[in-house]
């Protein structure tokens with residue numbers, strides 16, 4: 001009896017129930033939109049990772065929140081002034097992470113070429129709330145004890161670098177060695193010319209002096225080396241610049257930065273899942289700007305520094321050369337400065 005009464009009650013109210021088909025269709029559309037948005041975010045991050053790797057020789061991960069511009073987004077207005085992209089290379093996992101490679105990629109307003117400016121990791125700098133410490137420590141303070149908040153580490157280092165150089169950081173990325181192997185292999189290896197032989201303290205691999213093409217494993221091995229090199233970490237920075245120039249040349253030769261089909265193919269090979277900081281400039285615009293500036297061989301140059309033998313030990317700005325260099329960077333005259341100071345330029349061949 002109770003069962004019959006319940007059935008009758010449901011039958012009387014069945015007409016009041018809204019049709020399920022429109023609701024189901026709306027749910028399906030929402031699911032598709034979310035999936036497409038996630039795909040766009042993954043592609044966007046990886047595409048900038050390709051650009052970042054072309055500039056620095058590493059692979060980018062994660063400091064940009066999900067609402068950033070994506071690869072499929074409408075390009076932003078093309079900037080007419082110089083652009084500065086901060087790239088931080090990590091060689092350690094977990095707590096105590098430090099940005100052991102700090103590179104500022106400067107794109108001049110005339111888009112004539114890229115300038116790869118190495119900032120020494122042991123450079124003594126003022127860090128807000130921490131006093132004076134080495135540049136790579138700024139990332140450690142920002143990333144936290146667990147070493148997981150890469151976005152915070154990036155922001156902390158960006159603040160220090162902006163204060164040090166006096167230039168606006170337009171975009172950037174936190175970089176690891178993990179996908180460098182995949183990217184290097186995806187472009188068929190990267191040519192690197194070394195002025196002297198390098199022996200790996202990790203694998204005992206020997207990199208001879210002269211020009212050679214490195215596969216992904218060899219590239220990562222070389223980029224890690226500083227012990228046994230004449231100038232230690234400074235020579236590692238120079239080798240990173242040489243690798244970056246070689247990767248940029250390889251990508252340019254293959255037309256990747258100017259061909260969306262080839263870019264998408266390379267993105268697929270490297271893999272999805274990376275999101276980076278594009279600032280106020282869309283990803284498509286950054287790729288376009290990088291493609292124009294990459295038509296000429298890049299110039300790798302180190303920030304002029306001197307080692308200090310008093311505590312705290314580390315490196316300080318060269319009082320004779322650094323002021324002129326930083327002024328040239330701020331006023332977009334690095335071409336003039338490097339031409340006048342050829343000894344500060346890293347030989348790429």
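Every number in this text was worked out from the coordinates using simple rules, so none of it is lab data. Nothing here was measured: the structure is a model prediction, and the numbers come from that model. Because the Cβ atoms are built from the backbone with ideal geometry, glycine has one as well, and the counts that use them run over all protein chains shown.
When peptides 306-319, 148-161, 218-231 are ranked by their average number of other Cβ atoms within 10 Å per residue, the highest-first order is 148-161, 218-231, 306-319. The slack in the chain from residue 227 to residue 259, taken as 0.36 nm per residue of separation less the alpha-carbon distance, amounts to 7.5 nm. Once the Cα-Cα distance is subtracted from the 0.36 nm per residue extended length, the residue 202 to residue 132 segment shows a gain of 22.0 nm. With the simple spin-label model, which puts each label point 7 Å out from Cα in the Cβ direction, the residue 320 to residue 193 separation comes to 2.8 nm. Extending 7 Å from the Cα toward the beta-carbon at both residue 308 and residue 341 defines two label points whose distance is 1.9 nm.
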